[in-house]
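The values are calculated or read from the model by the stated rules, or taken from the named source; none is laboratory data. If you're wondering where the values come from, they're calculated on a predicted model, not measured in any experiment. Here the Cβ is made from the backbone with ideal geometry for all residues, glycine too, and neighbour counts use every protein chain on show.
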Amino acid sequence: MDAVTYPDEGVAKFINDNLIPLRVAFDHKPLASDFKVKWTPTLITLDSDGVEHHRTVGFLAPEELIGSLMLGIGKSNFDREEFDKAIATFGSLLERHPKSDSTPEAIFLRGVSMYKNTHDPKPLRASYDKLTAEYPDNEWTKRAYPYRLIN
Amino acid sequence: MASKIEWETSMDKALSRAKAEGKHVLLDFFNPG
């Protein structure tokens, strides 16, 4: 991460603009134990109360890191039932990083967020259709499979 | 001038800043070697 991803200017700007970056050693006491860290790099998105919402283990290239961080912010919005914010964050991820490995999960959760906001099930079907068309072999396409029955 | 990540090293300070600035925290556990 220090050789490739963190020196990337787009990554640094995204992190400085959107997150508070906190870095500690893998054996930090008590955080490594508190967060059950077993390998590095482990990257965790926390809300401002310190609650975990998203985690990755292992190297991420610059494009993948930004997508993953956007997904983490959106998942925090989703978990806290801030569905308008979640929809906006996931939508931004789809628009700006459509090839990111994080995008299929964002499509799925955007559809769920829209449903939670309106109780209209059509966004669930739309998420299934988009996943099927663009990411046919992805695990999130499989998870959306029941939504094919929504008219 | 190129951007550089300005890492915090204290959880308390990071959470305090996150509340004040309305942001999330990226917590990176790394191997300093």
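Points worth noting:
- Scanning the range A:107-151 for residues that are closer than 17 Å to A:PHE90 by Cβ and hydroxyl-bearing (Ser, Thr, Tyr) gives A:SER113, A:TYR115, A:THR118, A:SER127, A:TYR128, A:TYR135, A:THR141, A:TYR147.
- Residue in the range A:63-71 that is facing another protein chain (nearest Cβ under 7 Å) and closer than 15 Å to B:HIS24 by Cα present: yes
- Contacts under 8 angstrom Cβ, first residue in the range B:11-26 being farther than 12 Å from A:ASP49 by Cβ, partner in a loop (DSSP other than H, G, I, E, B), 6 or more apart: B:ARG17/B:LYS23; B:GLY22/A:SER48; B:LYS23/A:SER48
- Residue check for A:ILE15: within 12 Å of another protein chain (Cβ to nearest Cβ) and of a type in the set (Val, Ile, Thr): yes
- Yes/no for A:ASP120 being surrounded by fewer than 17 Cβ atoms within 10 Å (Cβ to Cβ), at pLDDT 95 or above and under 22 Å from A:THR45 (Cα atoms): no
- Checked against the criteria, A:PHE26 does not count as touching a Ser or Thr at 6+ places or on another chain (Cβ under 7 Å) and more than 11 Å from every other protein chain (Cβ to nearest Cβ).
- Under the condition of being facing another protein chain (nearest Cβ under 7 Å) and either more than 8 Å from the chain's Cα centre (by Cα) or farther than 22 Å from A:GLY74 by Cα (or both), the residues counted in the range B:22-33 number 7.
- Residue within the range A:72-92 that is among the polar types (S, T, N, Q), surrounded by 15 or more Cβ atoms within 10 Å (Cβ to Cβ) and over 11 Å from the mean Cα position of the chain (by Cα) present: no
- Count of the range A:41-62 residues which are surrounded by 19 or more Cβ atoms within 10 Å (Cβ to Cβ), over 15 Å from A:ALA106 (Cβ atoms) and within 10 Å of chain B (Cβ to nearest Cβ): 7
- Taking the conditions (1) surrounded by 16 or more Cβ atoms within 10 Å (Cβ to Cβ); (2) not in a loop (DSSP other than H, G, I, E, B) in turn, A:LYS142 satisfies each one other than (1).
- Among the candidates A:LEU131, A:LEU109, residue that is crowded, with 20+ Cβ neighbours inside 10 Å, touching a Ser or Thr at 6+ places or on another chain (Cβ under 8 Å) and modelled with pLDDT of 95 or more: A:LEU131
- Looking across A:LEU43, A:LEU94, A:LEU65, one residue alone is within 17 Å of A:LYS13 (Cβ to Cβ) and at pLDDT 95 or above. It is A:LEU65.
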